[in-house]
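A quick write-up on the structure given underneath.
The values are calculated or read from the model by the stated rules, or taken from the named source; none is laboratory data. Given the structure is predicted, the values throughout are model-derived calculations rather than measurements. Neighbour counts run over all protein chains shown; Cβ positions are idealised from the backbone, glycine included. When the accessible area is computed, the model is the full protein with side chains, heavy atoms only, and any ligands, DNA or RNA have been set aside. Shrake-Rupley method; radii C 1.70, N 1.55, O 1.52, S 1.80 Å.
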Amino acid sequence: MQAHEIDYQIFGEEMQYVEIELDPQEIVVAEAGSFMMMDNGIKMETIFGDGSTQQQSGIFGQLLSAGKRVLTGESLFMTAYLNQNNSKSKVCFASPYPGKILPIDLRQFQGKFVCQKDAFLCAAKGVSVGIEFSKKLGRGLFGGEGFIMQKLEGDGMAFVHSGGTLAKRELASGEILKVDTGCIVGFTQDVDYDIEFIGGIKNTIFGGEGMFYATLRGPGTVYIQSLPFSRLADRIIESAPKSGGNSRDEGSLLGGIGRLLDGDNKF
């Protein structure tokens, strides 16, 4: 194996975290802001890109890897955690919002897994975190993820996170699954991904589900999330009190009258 061989354990139900067990001199790399806790003796270092062997061509390779991360909307930097102890040590990374953490053994997916841009959490050093360009115009313009998704390549363990409940579907050759574009977590490299127009004036204007959905054609494995972060954020914004308002009448039949009776209205 080129990637470091790490052990792990996932804890929790709705707000999960993954505990990575590192042998001496083993390294795990993670997105900035995902760190939760670690044993004494683990060294934290900020690096360009993902620290994979694809970066060993000097400063140009490092800048190229970092530039790819910018295209996917991520930071230029990642954080590497090195176990400097003479015994096994542990470091933990937390999911950024309610959902599930999905472990990906890239050896079981022919060395490549494609996922949405913000799904990556952490991986063993040696796993390459790159970009996957869409060659289809419809997917690029209307796919929700644009022309670019992330691809994880190598022979080690990687971890991605999803929102809500995680569903796994094994698609047979030619089998088609239609999915909301924001609900896709990731899929294997053999899956054909495209965008399809829902059609119908009433569906388009009044359906409330958007104008397009994704079509995933097998063979391959697909992971779907029940609660994309964008959907959660939209609901929070819609429910937030407006400037100068008060949220105490949430769900009340009285509404503004209730605020008037409470003496909240200022004249």
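Within the stretch 33-40, is even one residue farther than 22 Å from V129 by Cα and of a type in the set (F, W, Y)?
Taking the stretch 33-40 first, the residues farther than 22 Å from V129 by Cα are 37-40.
Retained after the next criterion (residues that are of a type in the set (F, W, Y)): none.
For the stretch 33-40, residues farther than 22 Å from V129 by Cα and of a type in the set (F, W, Y): absent.
Within the stretch 131-163, restricting attention to residues that are assigned to a strand (DSSP E or B), open to solvent by 10 Å² or more (accessible area, probe 1.4 Å) and in contact with a helix residue (DSSP H, G or I) (Cβ under 6 Å, 6 or more places away or on another chain), which residue is modelled with the lowest pLDDT?
Out of the qualifying residues, it is I148.
Anything in the stretch 6-51 that is open to solvent by 80 Å² or more (accessible area, probe 1.4 Å) and in a loop (DSSP other than H, G, I, E, B)? List them, or say none.
Within the stretch 6-51, E13, E14, M15, Q25, G33, N40 qualify.
K100 is checked against (1) basic (K, R); (2) farther than 30 Å from D192 by Cβ; (3) crowded, with 21+ Cβ neighbours inside 10 Å and fails just one. What number does that condition carry?
Just one mismatch for K100, condition (2).
When the stretch 220-242 is examined, which residues are found to be at pLDDT 80 or above, open to solvent by 40 Å² or more (accessible area, probe 1.4 Å), within 30 Å of Q189 (Cβ to Cβ) and hydrophobic (A, V, I, L, M, F, W, C)? Show your work before the answer.
Here is the first cut: in the stretch 220-242, the residues at pLDDT 80 or above are 220-228, 237.
Now restrict to residues that are open to solvent by 40 Å² or more (accessible area, probe 1.4 Å): 226-227, 237.
When the remaining residues are screened for being within 30 Å of Q189 (Cβ to Cβ), the result is 226-227.
Hit for the stretch 220-242 is L227, nothing else.
Look at the stretch 86-96 and say how many of its residues are among the aromatic types (F, W, Y) and open to solvent by 20 Å² or more (accessible area, probe 1.4 Å). Quick ask: steps written out before the conclusion?
Our first condition is that a residue be among the aromatic types (F, W, Y); within the stretch 86-96, this holds for 93.
From what's left, open to solvent by 20 Å² or more (accessible area, probe 1.4 Å): none.
So the count comes out to 0.
Is the stretch 208-219 home to any residue that is at pLDDT 90 or above, within 24 Å of Y8 (Cβ to Cβ) and surrounded by 15 or more Cβ atoms within 10 Å (Cβ to Cβ)?
The initial filter retains those residues of the stretch 208-219 that are at pLDDT 90 or above, namely 216-219.
Imposing the further condition that a residue be within 24 Å of Y8 (Cβ to Cβ) reduces the set to none.
Among the residues of the stretch 208-219, not one is at pLDDT 90 or above, within 24 Å of Y8 (Cβ to Cβ) and surrounded by 15 or more Cβ atoms within 10 Å (Cβ to Cβ), which makes the answer no.
Quick one: in the stretch 117-130, which of the residues that are out of contact with any Phe, Trp or Tyr (no Cβ under 8 Å at 6 or more places or on another chain) and assigned to a loop (DSSP other than H, G, I, E, B) is modelled with the lowest pLDDT?
Per the criteria, the residue is K117.
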